[in-house]
Every structure is written in C-alpha cells, then in structure tokens.
1. Taking θ = phi - 60°, what integer Hz values does the Karplus form 6.51 cos²θ - 1.76 cosθ + 1.60 yield along the range 91-105, in sequence order, with x for Gly and Pro?
2. Using Cα-Cα distances under 8 Å and only pairs 6 or more residues apart, what relative contact order does the chain have, in percent?
3. Equivalent ellipsoid semi-axes for the chain, as square roots of 5 times the alpha carbon gyration tensor eigenvalues: give them largest first, rounded to whole Å.
4. Starting from the exponent 0.38 and prefactor 2.2 Å, build the expected Rg for the range 83-172 from its residue count and divide its actual Cα Rg by it.
5. With charges set only on the Cβ (+1 for Lys and Arg, -1 for Asp and Glu), what does the dipole of the range 99-175 come to about its Cα centre, in debye to the nearest 20?
6. Starting with the fewest neighbours, write out 96, 191, 69 ranked by other beta-carbon atoms found within 10 Å of each beta-carbon.
7. Could you tell me which residue out of 181, 31, 72 lies farthest along the dipole of the chain toward its positive end? Charges go on the beta carbon: Lys and Arg +1, Asp and Glu -1, centred on the Cα centre.
8. I need the Kirkwood Rh of the range 60-106: take the reciprocal of the average 1/r across all distinct C-alpha pairs and report it in angstrom.
Amino acid sequence: MSTFLKSLPVREKLLEKKLRLFTRDEFSRLFPVSRDKLKYFLEEQTKKGLFNRLKNGLYMLKTDPASEMEIANKLYQPSYLSFEYVLADYGIIPEMPYAVTSATTKPTRIFTHNGKAYTYQCLKPATFTGYQPVKPVDRVIFIATPEKALADYLYFVVLGKKSLNDRLDLAKINRSKLLAYCRLFNREKLMRLAKKL
C-alpha cells in the first residue's frame, strides 16, 4: 500500500474537504494513486471499519457519518427528497415515515442502509422540479418545497401506489403553488383531488 494512504491522514483530509460521503472518483481526485492501490485501500479500510460502503463505488466515513438526508441525495442521482419524508419534516403529516423518500427520473429503486430504507419513485423529467438546495450541514441537500412534496405524493395517491393520509395539515400549503405543480402531471384526477383538499 502507498505511503500516501494511511487511515488517519486520509480521514483528516476527507473531513477537511467536507467529504464524509464520497464516490470512488471523488476519493481518487483527492488521493491520486494507482487504481489498484485505491481499490485495495478502500476495501481494507471498509473491512477495518474506517468506511461504510453504501453501494458499489459509494463510501461514508464510519467515524463521522453523513445525515440520512445527505445519504438519500447521494445514493441515487439525480434525486431530491420528497413525498412522506418531506411532508413529515414540514409537519404536513403527523408521523415520520419508516423510509427516507425521494423523487428521481431514473427507475424506481429501494436501498437499505443500517436498517433504514431509502426509496426512490420515478417521475417524468417534466415534473422533476420544485425542489431547492438547502444547506443544514456542510453539504447542499436537494429537498422539495412543501407544495411540490404534496403534489408528488398526491400523484402517487391517484395512481393507487400510495394511500391518502387522512390527517394532512395544509395550513402551511400555498394552494396556488400546489395546483401549479399538480398541473405539471397532466392528470385531471390529480387536479380534482388537489382542489378538493
């Protein structure tokens, strides 16, 4: 193994660069060593407990784990946090869901890490909007606005893939924004449901 790759200096440099969660490519740009040495170091340090491997090519510092929001954004890209997870975060639904829910333009997927499910629902590119970058920590996280999270959720309700929560608190929802997002889906049934709420 290269003398450039020692666990303590590697951890310190990753933290300095705010890379608690990183891809193999991001790691290789920071530590330019041969591909074999890089692969060996990542595998060894995952076994020894410095890193957690979230999926092939994506790692996290075990000593300084990223938040579940950061993980959700990085695990499957492009994506933004939406649906029940965001609705609960904004206080629109009263209970926190079991899964961290996101929207993506890629095929629907589910990942599990440390007993937490990360679900990704596919949206058409024309409806992949209405999210904003927030910076609650040292990384940018993409999260739906309350109205877009609700529009995404209601779309899957009308498709029969989610059940309508009967305890929605819509006090924080701007109705004209909600209807504008719902129009993007081009579904009359969705518009009727949104207007009825």
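Taken together, the values in this text are just the output of simple stated rules run on the coordinates, not laboratory data. As the structure is a prediction and not an experimental result, all values here were calculated from the model. Neighbour counts are summed over all protein chains in view; Cβ atoms, including those assigned to glycine, are modelled from backbone coordinates with ideal geometry.
1. 3J(HN,Hα) across the range 91-105, in whole Hz: x, 7, 10, x, 10, 7, x, 5, 9, 8, 9, 9, 9, 8, 9.
2. Details: 278 pairs, mean separation 29.6, N = 197.
So the answer I get is 15 percent.
3. Working: eigenvalues 302, 44, 39 Å².
Semi-axes (√(5λ), whole Å): 39, 15, 14.
4. Values: Rg = 13.0 Å, N = 90, 2.2 N^0.38 = 12.2 Å.
With N residues counted in the range 83-172, Rg over 2.2 N^0.38 Å equals 1.07.
5. Taking the Cα centre of the range 99-175 as origin, the dipole is about 160 debye.
6. The most exposed by this proxy come first: 96, 191, 69.
7. Toward the positive end, the furthest listed residue is 181.
8. The answer is 11.5 Å.
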